[in-house]
């Protein structure tokens, strides 16, 4: 057909673009993709090869059994050490203490579990942080509440405070 | 420390507290919808030969293309890892509703780009012939090096345009219906999960597209000092009215069905629409954005007012309809996340802040981007009568046959 040169050219361009996409797509698909599903199967082996960073409570027990027993006797019995402390691998190397253990003491960390949420069971102690701090007599409740303020009344290994009055007002958030 | 618990009433699950699909997910169907609407108008001219739409034939294609380029921008801005977006094209997992998006989007983009090329080919060649240096090389490249604008070649172009536009109509419908499907196929949410959703999305998309086109057409005529084509605005208004009737009917039918069935979800949906979203739904989507333009457009269609009044009414209706469709997207996307999956509680509203990544400013910029792109587009490929002007100034070269220089 005459006068169709431009159509041929654009047609070839489209074919080149589509072929190019198909070609590059083949190059871009990871080799192990799709062996067991829509994911890169090699990734499973890669994940398995990663050294575990956490040691679970057994890792702590060997040196800190008193602290672990103390924790087990209180309401935080189901909270793993490494939830607030750093992973074991940042503290121990080849079964020997290598570095100091760090710990997250911020109120922000505490309210990850103890912030009042409508969906949490009523039996679980929950607070509205500001309201709670006002109730227990903290005068200035500003941005600083998230520092180590919770630790002033609660010892995290055995968090029930000694002062019964504080306890009563402290868990008032449950009433909601 | 900001307040950590969002305001709420009733019973919510923990994961109901957050509106994860932000303002950006409202923008996504909105901009995609403008594509579909503008394209339908261009098809009426290119496929069905409605001469009254000739003045917006090119504008609608150009605008559609520019909207399409930015249709994914809100999604990419929403993603934490936008570079991973390409994975749905490289390794699509068809168990995910989103997997088809890459295929539909790119197919439609290809059809639209080809159609634009065929429609503007004659202009490209004429510009190439009348320019020098880099500009000439650029247009020569755009013309793929073929300068054939003989009557036969142009006839082939018209045929190709018609074929592409007719493939483009189902492609545009599929692209936008698909966006509705993304919501309609989410069975966990009773406000979204309805087979009607793709159709409602599609029709409101066409409404917003035509409305945007009317506004863009009037503004560009005003800026360039051209006169507004009465026939064109009249035709667009009539079409807008027709599509608006269908859209409103579908939107109301959906609610009427839900209300009459009065299944367990109706209690929460009714309080969502009529108390939580009373301004957005009843006020903006139904009254101000729905019924007011319906009446204004009815005046145009039934009473044939004088051109200045008709143009003003069409412009006001179009602006209101852009708000209506935006409100509809907002009420679907955000509304669907305001109530708990327990159907027993509400999160207390969602207000995007101005400067945040997915905030109001980002949304405004993303919405303005396609309009700016259309301006750039118009600089490269003239949206209006380039050929007519050339016809007045250009003489045929030696050995060159004078060809009828009609548009397309």
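Summary of computed values
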| item | result |
| --- | --- |
| Matching residues in segment A:99-120 - criterion: being out of contact with any strand residue (DSSP E or B) (no Cβ under 9 Å at 6 or more places or on another chain) and part of a loop (DSSP other than H, G, I, E, B) | A:100, A:105, A:106, A:117, A:119, A:120 |
| Odd one out for residue A:81 among (1) in contact with a strand residue (DSSP E or B) (Cβ under 7 Å, 6 or more places away or on another chain); (2) modelled with pLDDT of 90 or more | (1) |
| Complete set of residues in segment B:334-370 that are assigned to a helix (DSSP H, G or I) and surrounded by fewer than 17 Cβ atoms within 10 Å (Cβ to Cβ) | B:360, B:361, B:364, B:365, B:368, B:369 |
| Criterion violated by residue A:24 - all others in (1) in a loop (DSSP other than H, G, I, E, B); (2) more than 8 Å from every other protein chain (Cβ to nearest Cβ) satisfied | (1) |
| Filtered residues of segment B:150-167 (kept if touching a residue at least 24 places away in the same chain (Cβ under 8 Å), touching a helix residue (DSSP H, G or I) at 6+ places or on another chain (Cβ under 7 Å) and within 12 Å of another protein chain (Cβ to nearest Cβ)) | B:154, B:157, B:160, B:161, B:164 |
| All positions within segment A:49-61 that are more than 12 Å from residue A:88 (Cα to Cα) and part of a helix (DSSP H, G or I) | A:49 |
| Residue check for residue B:30: within 26 Å of residue B:247 (Cβ to Cβ) and within 14 Å of chain A (Cβ to nearest Cβ) | no |
| One residue from A:2, A:51, A:70 being exposed (fewer than 13 other Cβ atoms within 10 Å of the Cβ) and either modelled with pLDDT of 90 or more or more than 9 Å from every other protein chain (Cβ to nearest Cβ) (or both) | A:51 |
| Residues satisfying the stated conditions in segment B:137-149, i.e. at the interface with another protein chain (Cβ under 8 Å from one of its Cβ atoms) and either in a helix (DSSP H, G or I) or surrounded by 14 or more Cβ atoms within 10 Å (Cβ to Cβ) (or both) | B:143, B:144, B:146, B:148 |
| Single condition residue B:101 does not satisfy, out of (1) free of Cβ contacts under 8 Å to residues at least 60 places away in the same chain; (2) crowded, with 18+ Cβ neighbours inside 10 Å | (1) |
| Residue B:94 being within 14 Å of chain A (Cβ to nearest Cβ) and surrounded by fewer than 24 Cβ atoms within 10 Å (Cβ to Cβ) | yes |
| Candidates A:45, A:86, A:80 - the one that is free of Cβ contacts under 8 Å to residues at least 60 places away in the same chain, more than 14 Å from chain B (Cβ to nearest Cβ) and under 29 Å from residue B:85 (Cβ atoms) | A:45 |
| Matching residues in segment A:113-122 - criterion: being within 20 Å of residue A:80 (Cβ to Cβ) and facing another protein chain (nearest Cβ under 10 Å) | A:115, A:120 |
| Filter pass, residue B:184 being within 26 Å of residue B:337 (Cβ to Cβ) and out of contact with any strand residue (DSSP E or B) (no Cβ under 7 Å at 6 or more places or on another chain) | yes |
| Test: residue in segment B:115-134 that is within 21 Å of the chain's Cα centre (by Cα), in a helix (DSSP H, G or I), in contact (Cβ under 8 Å) with a residue 60 or more places away in the chain and surrounded by fewer than 21 Cβ atoms within 10 Å (Cβ to Cβ) | yes |
| Candidates B:37, B:10, filtered to the one that is within 29 Å of residue B:359 (Cα to Cα), within 14 Å of another protein chain (Cβ to nearest Cβ) and in contact (Cβ under 8 Å) with a residue 12 or more places away in the chain | B:10 |
| Test: residue in segment B:245-263 that is at pLDDT below 95, in the same structural domain as residue B:326 (by TED's automatic domain parsing), in a helix (DSSP H, G or I) and within 13 Å of residue B:318 (Cβ to Cβ) | no |
| Matching residues in segment B:116-136 - criterion: being within 11 Å of chain A (Cβ to nearest Cβ) and under 21 Å from residue B:165 (Cα atoms) | B:117, B:118, B:121, B:122, B:124 |
| All positions within segment B:40-67 that are within 30 Å of residue B:360 (Cβ to Cβ) and at pLDDT 90 or above | B:59, B:60, B:62, B:63, B:64, B:65, B:66, B:67 |
| Residue check for residue A:123: in a loop (DSSP other than H, G, I, E, B) and either modelled with pLDDT of 85 or more or on the phi > 0 side of the Ramachandran plot (or both) | yes |
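Rundown of residues vs (1) surrounded by fewer than 24 Cβ atoms within 10 Å (Cβ to Cβ); (2) within 30 Å of residue B:192 (Cα to Cα); (3) more than 13 Å from the chain's Cα centre (by Cα), yes/no style:
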{"position": "B:32", "(1), (2), (3)": "no, yes, no"}
{"position": "B:36", "(1), (2), (3)": "no, yes, no"}
{"position": "B:41", "(1), (2), (3)": "no, yes, no"}
{"position": "B:52", "(1), (2), (3)": "yes, no, yes"}
{"position": "B:56", "(1), (2), (3)": "no, no, yes"}
{"position": "B:61", "(1), (2), (3)": "no, no, no"}
{"position": "B:65", "(1), (2), (3)": "yes, yes, no"}
{"position": "B:70", "(1), (2), (3)": "yes, yes, no"}
{"position": "B:78", "(1), (2), (3)": "yes, yes, yes"}
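The values are calculated or read from the model by the stated rules, or taken from the named source; none is laboratory data. Everything numeric in this text was worked out from a predicted model, so none of it was measured. All Cβ positions, even for glycine, are placed from backbone atoms using ideal geometry, and neighbour counts span all protein chains on display.
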